[in-house]
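Okay, so here's the structure we're looking at.
We did not get these values from a lab; they are worked out from the coordinates using the rules stated. Just so it is clear, the model here is predicted, and its values are computed rather than measured. Here Cβ is always computed from backbone atoms with ideal geometry, including for glycine, and neighbour counts include all displayed protein chains.
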Amino acid sequence: MYTTVLFLHSWIRWAALIFALIATSFAFGKGPTALRNAERWGFKLMIALDLQMLLGLLLYGMLSPFTRQAMQDFGAAMRDSTLRFWAVEHLTMMLGAVILVHVGRVLARKTTDPGKKRIKLLVCFGIALLLMIGGMPWPGTPNGRPLFRM
């Protein structure tokens with residue numbers, strides 16, 4: 001089950017990252033069409049991130065040998081950069097991205113002025129995108145993983 005969930009989590013990240021790029025780029029645009037597209041892609045981003053979070057929490061809480069090892073001695077895990085990344089850093093950045101996307105969509109929905117709505121989406125989606133990029137285990141980094149799991 002671990003490998004299946006990890007496989008899905010690894011592949012859905014690409015959808016989430018692409019949706020974040022598209023939603024953020026539309027939030028940069030002007031006019032009602034760009035705003036409508038930002039909201040539509042933001043919704044897709046939210047769904048992808050919620051699914052990622054569900055799979056990630058399943059890995060974190062039940063399946064991952066990294067977090068299981070970290071939870072046995074959390075103090076020692078904080079001194080080990082790999083365990084700290086998986087137990088704290090990855091989780092924190094990705095949870096922050098999920099929260100920002102949700103908050104951005106709610107704030108935009110409650111705003112009637114299109115310019116302010118666009119700014120709220122741009123800021124929240126943009127920061128979420130940066131958190132996602134920063135929290136991913138890119139190849140070549142100390143905690144790197146393959147770009148595509150097979």
Pop out the ³J(HN,Hα) list for region 137-149 in order, Karplus 6.51 cos²θ - 1.76 cosθ + 1.60 with θ = phi - 60°, rounded to Hz; leave Gly and Pro as x. x, 5, x, x, 8, x, 10, x, 10, x, 5, 10, 7
Find the centroid of the Cα atoms in region 105-129 and in region 1-70, then give the distance between the two in whole Å. 18
Taking every eigenvalue of the Cα gyration tensor of region 47-101, multiplying by 5 and rooting it, what semi-axes result, largest first, whole Å? 22, 13, 6
Set the Förster radius R0 to 35 Å, insert the Cβ-Cβ distance between W11 and T33 as r into 1/(1 + (r/R0)^6), and round the FRET efficiency to 0.05. 0.70
For the chain, return all DSSP H helices satisfying: extent of Cα atoms along own axis at least 27 Å; mean Kyte-Doolittle hydropathy at least -0.5. 2-28, 31-58, 90-109, 114-135
222 nm mean residue ellipticity, helices alone, for the chain (DSSP H n ≥ 4; -39,500 (n - 2.57); rounded to 500): -25500 deg cm²/dmol
Under the 7 Å Cα-to-Cβ spin-label approximation, M1 and M78 lie apart by a distance in nanometres of 3.1
Where does the charge balance sit around T82 when Lys and Arg score +1, Asp and Glu -1, over other residues with C-beta under 15 Å from its C-beta? +1
Obtain the radius of gyration and the Kirkwood radius of region 2-135 from its C-alpha atoms and give Rg over Rh. 1.07
Contact order relative to length for the chain, counting C-alpha pairs under 8 Å separated by 6 or more residues, stands in percent at 28
Electrostatic dipole magnitude of the chain [Cβ: Lys, Arg +1; Asp, Glu -1; Cα centre; debye, to 20]: 620
Roughly how many nanometres apart are two label points built 7 Å out from the Cα toward the Cβ at W138 and R40? 3.1
